[in-house]
1. Answer yes if at least one residue in the stretch 223-233 is under 24 Å from the mean Cα position of the chain (by Cα) and modelled with pLDDT of 95 or more, and no otherwise.
2. Scan the stretch 106-131 residue by residue and report those that are free of Cβ contacts under 8 Å to residues at least 40 places away in the same chain and touching a strand residue (DSSP E or B) at 6+ places or on another chain (Cβ under 9 Å).
3. Do we have residue 160 as in the same structural domain as residue 273 (by TED's automatic domain parsing) and not in a loop (DSSP other than H, G, I, E, B) here?
4. Of the conditions (1) surrounded by fewer than 19 Cβ atoms within 10 Å (Cβ to Cβ); (2) under 18 Å from residue 282 (Cα atoms); (3) modelled with pLDDT of 95 or more, residue 144 clears all except one; give me its number.
5. Would you call residue 253 under 12 Å from the mean Cα position of the chain (by Cα) and over 22 Å from residue 196 (Cα atoms)?
6. Condition (residue is buried (at least 17 other Cβ atoms within 10 Å of the Cβ), free of Cβ contacts under 8 Å to residues at least 40 places away in the same chain and under 17 Å from the mean Cα position of the chain (by Cα)) applied to the stretch 177-200: is it met by at least one residue?
7. So which of 204, 275 is at pLDDT 95 or above and crowded, with 18+ Cβ neighbours inside 10 Å?
8. Quick check on my filter: what residues within the stretch 60-100 are surrounded by fewer than 17 Cβ atoms within 10 Å (Cβ to Cβ), modelled with pLDDT of 90 or more, touching a strand residue (DSSP E or B) at 6+ places or on another chain (Cβ under 9 Å) and outside any helix (DSSP H, G or I)?
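The values are calculated or read from the model by the stated rules, or taken from the named source; none is laboratory data. None of these values were measured; they are calculated from a predicted model. FYI the Cβ positions are ideal-geometry reconstructions off the backbone, even for glycines, and counts take in every protein chain you see.
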């Protein structure tokens, strides 16, 4: 039908379609702007935003973390000007004649730094052995614990965990190409090397009936696996995929993929401070959404690849 032949009803119908298209486009732009955090109309008094679209302001970005309330734990840290965070520690690969002292885990330290920065305070990292962590939190030596998955899956009296995991990767299991473990069913009862605090320890035990063997770090676990102390190694998939591209890892092959941690790698704090717990949970949600945690995991994978590669041919030790 040509324009001259179209009647009033057709023109009204076309007008409604056009209006619907404009509204849909406006909604799409608002959603995209809210996701990206760069929606142009952030000032509630911005006269450029038509009154009919005022509800789009609801899609604006959430308040900055600094504006969220802090409970006693975080309020005390802010007043002190310093956040004290307990983290894992272990020695890095080094020449046999010059072993290195234990140092904080870089992944734990990166998250601790983000939390301190969000509060606008200094960071004090406190490297703790597994048996020291809960007592350090209870007696106030540290404000928070960032140390992977707790070894004890049962709730600890006096200790709370902020909801949500800061390590949401997917794990893999690798084994020798010609070893005794050739498929997933053979993992039942088999020893699997894992780094201390890894969520994959519980996962391989529950899913395959394997026997996880914990080591002070992922580098220690990889070193033990390469030395034949375990039949398999469970680690973050990105780490193993990078390692499998190295020549010295041609003797190994993936055995299982898509391993989901059985428990969350949670930030832990003293029980009873729900406001500080909610602040940390909000921070984790934001950093998960904006890719901060994904970038930290990728950096961890690169660091581990480098440190594990240093173990090649016994050029360095890992005491």
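1. yes
2. 109, 112, 113, 116, 117
3. Against the criterion (in the same structural domain as residue 273 (by TED's automatic domain parsing) and not in a loop (DSSP other than H, G, I, E, B)), residue 160 qualifies.
4. Going through (1) surrounded by fewer than 19 Cβ atoms within 10 Å (Cβ to Cβ); (2) under 18 Å from residue 282 (Cα atoms); (3) modelled with pLDDT of 95 or more one by one, residue 144 breaks only (1).
5. no
6. Checked against the condition, which is being buried (at least 17 other Cβ atoms within 10 Å of the Cβ), free of Cβ contacts under 8 Å to residues at least 40 places away in the same chain and under 17 Å from the mean Cα position of the chain (by Cα), the stretch 177-200 yields no hits at all.
7. 204
8. Within the stretch 60-100, 81, 82 meet the criteria.
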